[in-house]
Structures are given as C-alpha cells and as structure tokens.
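Reviewing the structure listed below.
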Amino acid sequence: LGEISGFRKNYIVNWLSSVSQTMIIAQNKQGTTEYLPQRKIVVGTYHGKSNEQFAMEHIEKSIRFYQSDSSNVDAVIADVRGLYGSFAKLLDYLSGTFYPVLAKNNVKAQAIIVKDDVIVNHLSGRIARIGERLSIQSRIFYSIHDAENWIKEVLKK
C-alpha cells in the first residue's frame with residue numbers, strides 16, 4: 001500500500017483488517033493482490049505507471065493461485081485508481097489465458113474500480129467485456145463501497 005494516499009490507504013487497511021485472514025498472492029512495485037478466504041474474494045490494488053513486466057508477474061502468480069487447491073474464489077475486485085498509462089499489450093494474454101482460468105474456477109463476478117482517467121477507463125471497459133464473454137459478471141465503479149455492495153448482491157443470487 002506504499003504509494004496510496006492517506007485516506008484511501010486507511011480505508012483499504014481498515015477494510016482488509018476487518019477480515020481475520022488474508023493471503024498475499026502477488027506484491028511488487030505495481031501493487032498487491034490478496035486473497036480474503038472468509039469472503040472468497042481476491043482484491044488487487046494497483047498503482048504507478050503501468051509496467052508490463054510487473055503486471056505479468058501479478059497475472060502469472062494469480063493464475064498459479066487460481067489453479068491451486070487453496071483457491072475458492074467467488075469474486076475479484078481490481079482497484080486501478082492509482083494506475084496510469086496503457087496496459088493494452090496485456091489484453092490478449094488476459095483474454096486468452098487469465099480469464100479462461102477464472103471462468104474454469106467458477107469466479108462469478110469482478111468489479112473494477114477506476115478514477116477519471118480516459119486510458120485506464122477504456123482498457124478497464126475492455127477487460128470487463130472479456131469477463132462478460134466468459135460469463136463472469138463484470139462492472140466498473142468509482143468507489144470501493146459501491147463495488148463491494150454490488151458484489152454482495154451478485155453473490156446472494
């Protein structure tokens with residue numbers, strides 16, 4: 001959570017600590033991806049300039065996690081509000097490799113949290129459509145609160 005602003009950092013830390021147990025799946029200069037087993041949710045928080053090498057490291061570690069016996073995930077939250085720059089080069093890999101793994105492991109929903117950034121929002125929309133094509137309900141939000149509420153509703157069904 002190194003480069004995240006004060007209020008947001010405190011909110012995320014408090015939210016994560018409300019869950020008794022978390023497991024870090026991937027962590028580097030691009031961000032942190034964690035599994036919240038009691039809620040069956042993976043939360044990724046990404047920041048800084050988009051870096052293909054760091055992003056691929058996260059994706060590959062996440063794939064290994066989803067394919068492991070410890071994976072029991074219903075939903076994914078990706079907070080990209082702190083991210084800037086293009087990650088378009090990753091879309092083919094996400095579409096052909098990452099999202100099929102999510103679908104095979106019965107992930108039901110993904111929420112992508114964005115800020116007012118044209119490039120990141122456009123690419124996030126493309127990612128949401130990839131998930132939808134594989135029957136993963138996908139939405140884009142501007143707040144973690146709205147994303148969590150939507151995920152709770154989707155998982156009730």
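Every number here is computed from the coordinates shown, using simple stated rules; none is lab data. Nothing here was measured: the structure is a model prediction, and the numbers come from that model. Cβ: placed from backbone, ideal geometry, glycine included. Neighbour counts: every protein chain shown.
Taking every lysine pair in the chain that is 8 or more places apart or spans two chains, those with Cα atoms closer than 17 Å amount to 15. The trypsin sites (Lys or Arg not before Pro) of region 113-142 meeting both criteria, a DSSP state outside H, G, I, E and B (loop) and at most 16 other C-beta atoms within 10 angstrom of the site's C-beta, are 115.
The simple Förster model, with R0 at 25 Å and r as the Cβ-Cβ distance, assigns residue 122 and residue 29 a FRET efficiency of 0.60.
For the chain, taking the reciprocal of the average inverse distance between every pair of different Cα atoms yields a Kirkwood hydrodynamic radius of 15.5 Å. Under a 5 Å amide H cut-off, with hydrogens placed 1.01 Å from N, residue 79 pairs with 44, 45, 46, 113 among residues at least 5 apart or on other chains.
Only bridges whose two residues both fall in the chain count here: according to DSSP, what percent of them are antiparallel, nearest 5? Walk me through the numbers on the way to the answer.
Values: 11 of 29 bridges.
Counting DSSP beta bridges with both partners in the chain, the antiparallel share is about 40 percent.
Within the chain, the whole DSSP H helices whose Cα atoms reach 20 Å or more along their own axis and whose mean Kyte-Doolittle score is at least -0.5 are 118-133.
FRET efficiency for the residue 67 to residue 133 pair, using the beta carbon distance and R₀ = 22 Å, is estimated at 0.60.
Neighbour counts of C-beta atoms inside 10 Å place 92, 117 in the sequence 92, 117, starting with the fewest. According to the square roots a ≥ b ≥ c of the eigenvalues of the Cα gyration tensor, what is the shape class of region 50-92, taking rounded for a/c under 1.5, prolate for a/b larger than b/c otherwise, and oblate for the remainder? Note, shape of region 50-92 comes out prolate.
For region 114-157 and region 46-94, what is the centre-to-centre distance using only Cα atoms, to the nearest Å? Spelled out, the Cα-based centre of one part sits 14 Å from the other. Say a paramagnetic label sat at a point 7 Å from the Cα of residue 105, along Cα to Cβ; which residues of region 53-82 have their backbone N under 15 Å from it? Only 57-78 pass the distance filter.
Among the chymotrypsin sites (Phe, Trp or Tyr not before Pro) in region 45-101, none sits in a DSSP loop with a Cβ that has at most 15 other Cβ atoms within 10 Å.
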